[in-house]
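The values are calculated or read from the model by the stated rules, or taken from the named source; none is laboratory data. Just so we're clear, the structure is a prediction, and the values are computed from it rather than from any experiment. To get the accessible areas, we keep the full protein, side chains included, count just its heavy atoms, and leave off ligands, DNA and RNA. Shrake-Rupley method; radii C 1.70, N 1.55, O 1.52, S 1.80 Å.
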Amino acid sequence: MLARLRADIAAVKERDPACTSTLSALTNYPGLWAVWWHRVTFRLHHAGLVWFARWLSQRVRGATGIEIHPGATIGERFFIDHGMGVVIGETSIIGNDV
């Protein structure tokens, strides 16, 4: 799990020249937090806790401005830059390194 989190942070730093440090990635990139929370809601959704997963994803949307449906499939090292208003629907399938 830690390796996955580190890979996500590295993806931000590699893809955005404005990101100068790990601290910057953690504090200034709501897309990173939206993806991390999506992983939680995705597991809840697939465990049958559909209502709770949707409820939680709406709280994340309010905090980040990025809405990712808990049923969406997202690959490794997915990076959302300038994500305000981004909506990723339930049937979306996003591959690795996007």
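Miscellaneous remarks
- One decimal place: the segment SER21-LEU2 gains 5.1 nm when fully extended, by the rule 0.36 nm per residue minus the C-alpha distance.
- Rounded percent of accessible protein surface that carbon and sulfur make up, the chain, 1.4 Å probe: 61
- Between ALA10 and ARG54, the contour length at 0.36 nm per residue exceeds the alpha carbon distance by 13.0 nm.
- Derived value for segment 27-73: Kirkwood hydrodynamic radius 10.3 Å. Basis is the mean of 1/r over every pair of different alpha-carbon atoms.
- Relative contact order, percent, the chain [alpha-carbon distance under 8 Å, six or more residues apart]: 26
- Distant-in-sequence amide H partners of SER92 (H built 1.01 Å from N, under 5 Å): THR73
- ARG77 contributes an accessible area of around 80 Å² to the protein surface, as traced by a 1.4 Å probe with all chains present.
- Helix-derived mean residue ellipticity, 222 nm - over the chain, DSSP H n ≥ 4, -39500 (n - 2.57), to 500: -17000 deg cm²/dmol
- 0 to 90° range, to nearest 10: angle between helix 30-46 axis and the chain longest Cα axis: 30
- Cα-based radius of gyration for the chain, normalised by 2.2 N^0.38 Å, reads 1.03.
- Put THR27, THR20, THR73, THR41 in order of accessible area, highest first, and with a 1.4 Å probe you get THR20, THR27, THR73, THR41.
- For the chain, the longest principal axis of the Cα atoms and the long axis of helix 50-64 meet at an angle of about 30 degrees.
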